[in-house]
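Undergrad: Provided herewith is a single structure, encoded as C-alpha cells, for subsequent inquiry.
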Amino acid sequence: QVQLVESGGGLVQAGGSLRLSCVASGRTFSGYLMGWFRQAPGKEREFVAAITWSGSSTYYADSVKGRFTISRDNAKNTVYLQMNNLKPEDTAVYYCAAKRLLINVRKNDYDYWGQGTQVTVSS
C-alpha cells in the first residue's frame, strides 16, 4: 500500500511563507511524477505544481508561478512546495499526489493521494 503524508500547513498572514512537505512510503517512487493540488471550500480541486522524477522539469499553475517552488529529494522520498508571498486566495487544503505516467500533468487523475494539509492565509 502507498502512503503520502503531507505536513507544513498552517495559518499565515498575507505576504508570508510556508513550506509543505510530502513523504512517500510503501513502495519505490522511482520514475513517478509528483504533484501538488489544492481545494478551497466550495471549489473543485485544482492543480498547483508538479515535478518529474529527475527534477529536470517543473510545471506550475499560472496563479502561483513566480511565488511557489516545487522540489524533491528522492533519497528521502520527499517532495516540497515552497510558498512565498502568500495571498488569501491561496487558502485551501493542499494535497500531494503521485502519478506513474508523464501525461496530463495538470489533470487530477493521479494514482495516489495524500490526506491533505490546511493552509490558511489571513488578510
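The values are calculated or read from the model by the stated rules, or taken from the named source; none is laboratory data. Fair warning: this is a prediction, and the values are worked out from it, not measured in the lab. When we count neighbours, we look across all protein chains shown, and the Cβ atoms used for this are built from the backbone with ideal geometry, even at glycine. Accessible surface is based on the protein model in full, side chains and every heavy atom, while ligands, DNA and RNA are left aside. Shrake-Rupley method; radii C 1.70, N 1.55, O 1.52, S 1.80 Å.
Undergrad: Check GLN13 against each of (1) more than 17 Å from TYR95 (Cα to Cα); (2) free of Cβ contacts under 8 Å to residues at least 12 places away in the same chain; (3) not aliphatic (A, V, I, L, M) and name the one condition it does not meet.
TA: (2)
Undergrad: Can you go through ASN85, ASN74 and tell me which one is touching a residue at least 12 places away in the same chain (Cβ under 8 Å) and within 24 Å of GLN1 (Cα to Cα)?
TA: ASN74
Undergrad: Across the stretch 45-72, what is the total count of residues that are of a type outside the set (Ser, Thr, Tyr) and open to solvent by less than 50 Å² (accessible area, probe 1.4 Å)?
TA: Count: 12.
Undergrad: Can you list the strands (runs of 3 or more DSSP E) lying wholly within the stretch 73-122 that have 2 or more residues being over 14 Å from TRP53 (Cα atoms) and open to solvent by 20 Å² or more (accessible area, probe 1.4 Å)?
TA: It comes to 92-99, 117-122.
Undergrad: For the stretch 38-72, which positions are out of contact with any Gly (no Cβ under 9 Å at 6 or more places or on another chain) and not in a loop (DSSP other than H, G, I, E, B)?
TA: GLU46, THR58, PHE68, THR69, listed by residue number.
Undergrad: Filter the stretch 19-37 down to residues that are part of a strand (DSSP E or B) and either among the charged types (D, E, K, R) or surrounded by fewer than 21 Cβ atoms within 10 Å (Cβ to Cβ) (or both) and give me whichever is modelled with the lowest pLDDT.
TA: SER25
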